[in-house]
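The values are calculated or read from the model by the stated rules, or taken from the named source; none is laboratory data. The structure displayed is predicted, hence computed values, not measured ones. Reconstructed Cβ throughout: ideal geometry from the backbone, glycine too, with neighbour counts over all protein chains shown.
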Amino acid sequence: MEVIIQPSAEDGTQLAADLIAELIRKKPDATLGLATGRAPLGLYRKLVDMRLDWRQVRTFNLDEYVGLPGAHPASFSRYMDEHLFRHINIDRRNAHVPSGTAADVPDACARYEETIRLAGGIDLQLLGIGTNGHIGFNEPTSSLASRTRIKTLTEDTRRDNACHFDAGQLVPHHVVTMGIATIMDARQCVLLAFGRAKSAAVAAAIEGPVSAMHPASALQLHPNAVYCLDDEAASGLTLASYYRWVREHKFAVHA
Ligand code: F6R
């Protein structure tokens with residue numbers, strides 16, 4: 001794993017934006033896996049400002065709430081539209097967000113996997129991390145071999161995401177999420193984590209044991225996983241000064 005610790009979220013975001021821009025410039029028909037939430041907001045702003053050519057790019061989002069129509073203000077489909085898709089020249093037919101409202105959700109999940117496969121797999125998968133270590137919405141005890149499917153959210157995650165819903169509105173209990181194996185199939189994974197609230201989850205993911213109890217720890221088994229952290233998110237890492245030294249001296253950290 002390459003662990004990159006930057007002084008601020010702004011710097012960590014710039015790094016991820018540069019990685020994605022470089023990929024799109026080198027491979028105009030790249031396939032990106034995208035995330036929602038707070039962590040990638042600045043990244044999407046930067047990507048929009050970079051005025052890249054998205055005409056041939058394909059995207060697959062990690063997850064969506066079950067039962068929320070795409071127009072719902074808290075749906076991830078709406079989030080992607082507001083923060084990225086409507087500002088770039090992507091062909092909307094190539095911008096995929098899992099459906100949480102399909103008549104047959106398990107069948108839609110199987111088709112999502114198949115569409116990713118037919119696209120040739122994901123070149124770069126963007127990730128955030130939950131305070132409980134989830135990636136996508138693979139909550140603790142998710143199978144490390146899981147594929148796109150319906151998951152039940154933990155109370156912690158529902159609480160963490162309640163701010164995206166109006167007061168009194170119920171945060172759905174169920175989501176559709178890419179599985180951990182789906183994420184692990186991506187050729188590169190780039191995880192963004194900023195702020196002290198993520199420090200324990202980040203430390204467990206990078207330096208703890210590989211465990212279904214901490215889904216992000218599965219990335220220890222990925223051959224090309226990059227963590228873009230700020231100082232606060234990195235504050236729980238035992239080897240933080242080592243990762244900084246390695247970065248300063250221009251070597252990648254291969255765990
Ligand atoms: C979002 C997703 C989640 C978030 C995670 C962190 O598509 O899959 O895993 O990345 O919950 O969310 P933020 O960045 O809002 O703290």
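Residue 160 is checked against (1) modelled with pLDDT of 95 or more; (2) within 10 Å of the ligand (Cβ to nearest atom); (3) surrounded by 19 or more Cβ atoms within 10 Å (Cβ to Cβ); (4) more than 26 Å from residue 24 (Cβ to Cβ) and fails just one. What number does that condition carry?
(1)
Just one of 201, 186, 193 is in contact (Cβ under 8 Å) with a residue 40 or more places away in the chain, within 15 Å of the ligand (Cβ to nearest atom) and more than 20 Å from residue 76 (Cβ to Cβ); which is it?
Being in contact (Cβ under 8 Å) with a residue 40 or more places away in the chain, within 15 Å of the ligand (Cβ to nearest atom) and more than 20 Å from residue 76 (Cβ to Cβ) holds for just one of 201, 186, 193, which is 201.
Within the stretch 148-158, count every residue that is in contact (Cβ under 8 Å) with a residue 12 or more places away in the chain and farther than 22 Å from residue 114 by Cβ.
Total satisfying the criteria: 6.
Can you pull out every residue in the stretch 132-155 that is surrounded by fewer than 20 Cβ atoms within 10 Å (Cβ to Cβ) and either basic (Lys, Arg) or near the ligand (Cβ under 10 Å from one of its atoms) (or both)?
Correct list: 132, 147.
Among the numbered criteria (1) under 24 Å from residue 120 (Cα atoms); (2) small (Gly, Ala, Ser); (3) within 10 Å of the ligand (Cβ to nearest atom), which one does residue 30 miss?
Result: residue 30 passes all but (3).
Just to be sure I understand the filter: pairs with C-beta atoms under 8 Å, separated by 6 or more residues or on different chains, first member in the stretch 128-147 and within 17 Å of residue 98 (Cα to Cα), second member within 14 Å of the ligand (Cβ to nearest atom) and acidic (Asp, Glu). Which pairs pass?
Once the first residue is within 17 Å of residue 98 (Cα to Cα) and sits in the stretch 128-147, its partners that are within 14 Å of the ligand (Cβ to nearest atom) and acidic (Asp, Glu) give 136/63; 137/63.
Only residues that are away from the ligand (no atom under 16 Å from the Cβ) and crowded, with 19+ Cβ neighbours inside 10 Å: list them for the stretch 57-104, please.
The answer is 57, 58, 90.
Restricting to strands (runs of 3 or more DSSP E) lying wholly in the stretch 118-218: which have 1 or more residues that are in contact with a helix residue (DSSP H, G or I) (Cβ under 8 Å, 6 or more places away or on another chain) and under 20 Å from residue 4 (Cα atoms)?
So the answer is 124-127, 188-193.
Residue-by-condition table, conditions (1) modelled with pLDDT of 95 or more; (2) closer than 30 Å to residue 8 by Cα:
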| residue | (1), (2) |
| --- | --- |
| 114 | yes, no |
| 120 | yes, no |
| 126 | yes, yes |
| 146 | yes, no |
| 154 | yes, yes |
| 168 | no, no |
| 177 | yes, yes |
| 191 | yes, yes |
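Could you check residue 172 against (1) away from the ligand (no atom under 12 Å from the Cβ); (2) surrounded by fewer than 16 Cβ atoms within 10 Å (Cβ to Cβ) and say which number it fails?
Of everything listed in (1) away from the ligand (no atom under 12 Å from the Cβ); (2) surrounded by fewer than 16 Cβ atoms within 10 Å (Cβ to Cβ), residue 172 misses just condition (2).
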